[in-house]
Amino acid sequence: MLSASGCITAEVFSLNTSNTSPAPDGMVHVTKITYSTVENGTSVKVYATGRLEYTSYKLSNPFRLAVEIPNVLLDFEPERINLDDPNISSLNVVRFPKVDSIRLELELYANVSFNISPARQYLEIVVLGTSGKKSPQPAVSKEIVADSGEMNNPPQRKETLDKLREENNNLKLEILQKQKGARELEEENKLIQQESAKNRHRMEEAIGRAKNVNARNEFLEKKLSRLQETKPNALPPVAGFLKQGGALPSPILLASDKGAFEDMDEDSKASVKDIRNMLSGWLLAWNRKDFDTFSAYYSQDFKAGIISRGKWLRDKKRKFAKPGRFEINAKKLEVNFMDANSAVVIFDQVFKSSYFSDRGTKALTLTKEDADWKILSESWKPF
């Protein structure tokens, strides 16, 4: 089409869309691109529904001018157009839908200068002529003036535009989904790292507890040896006694030194009997899985190594709750009095259940609270 001034113009790409109305999706839309000869060269105008930003640079082999326009949507199908122009051989429009941008590539006949002027509703690119004089007027090709068949058909134009918008929305949704997936993976990785750190901490605690238990066992063994060697008035090892007249509940604590018991004074004999009855009741509650009675034999100040009374009993309660029966026997009982209200009892313990069994030496530190003997500490060492 011809302008009023007589300069030859050509509408290279167009959708016949008004470039003054804002787009309903809030984006800037490129509606058409035209070129025309001007006094000092060739003018290419990019029309849009808003002001355009741009970045430009020149390329060689062949000579080209590239103009990047971000944050826009293209309202027509991009294509490459050969121009009948003394300065520009072809105009190529490239769309990048994933980042909402386009690029104009103007293939030049020579390494000429150019000017770019932004306006409110269009961006003008002027490629200066090689001679600096007015460029000869080219004959305008019908293919250039006319839109493609698809663009001249209004229903097809609307369908194409709808497809482009749908494609753009789908790409945006895909990006959001990938970003969400990346965030979920990052959160999962954080949880794994936190759980790994907790497991390392638990392992270190378990190793520390095991070292403490071993150290306590060694300490008790050395302490008992020193007491037996250095206290001349300490009672010799005394065993539990055979069941007599049903007074001693099962299981029986077997005797290892009956004569020592006969040589005791009456108070010592009474203490030994009380300890015997306490241990028999403790073993019976264990065999019957009577947790309430079992836990009553432990002092409120009880500790097993660094393990508190509450944690110790919670662990025992879980074991008592398991199906099946217990069978616990004690043999070779030895009682050592520290004073009238404290004693250390050592015996061989045999434990059997439907899921576990072991044999070892059990050491109980007892303390007398009011008139009852209570377990103050407990340790065990396998044979």
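The values are calculated or read from the model by the stated rules, or taken from the named source; none is laboratory data. A quick note: this is a predicted structure, and the numbers were derived from the prediction, not measured. All Cβ positions, glycine included, derive from the backbone under ideal geometry; neighbour counts span all protein chains shown. We work out accessible area using only protein heavy atoms, side chains counted, and drop any ligands, DNA or RNA first. Shrake-Rupley method; radii C 1.70, N 1.55, O 1.52, S 1.80 Å.
The table for this structure:
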| read-out | value |
| --- | --- |
| Selection count, region 331-359, where residues are at pLDDT 85 or above and either among the hydroxyl-bearing types (Ser, Thr, Tyr) or in contact with a His (Cβ under 6 Å, 6 or more places away or on another chain) (or both) | 3 |
| Meets criteria (of a type outside the set (Lys, Arg), in a strand (DSSP E or B) and under 18 Å from SER280 (Cβ atoms)) for LEU376 | no |
| Residue in region 298-313 that is among the basic types (Lys, Arg) and open to solvent by less than 80 Å² (accessible area, probe 1.4 Å) present | yes |
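Yes/no matrix, rows are residues, columns are (1) over 30 Å from MET278 (Cα atoms); (2) at pLDDT 85 or above; (3) among the β-branched types (Val, Ile, Thr); (4) touching a Phe, Trp or Tyr at 6+ places or on another chain (Cβ under 8 Å):
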site	(1), (2), (3), (4)
ARG165	yes, no, no, no
GLU184	yes, yes, no, no
LYS190	yes, yes, no, no
LYS198	yes, yes, no, no
PHE219	no, no, no, no
SER225	no, no, no, no
PRO236	no, no, no, no
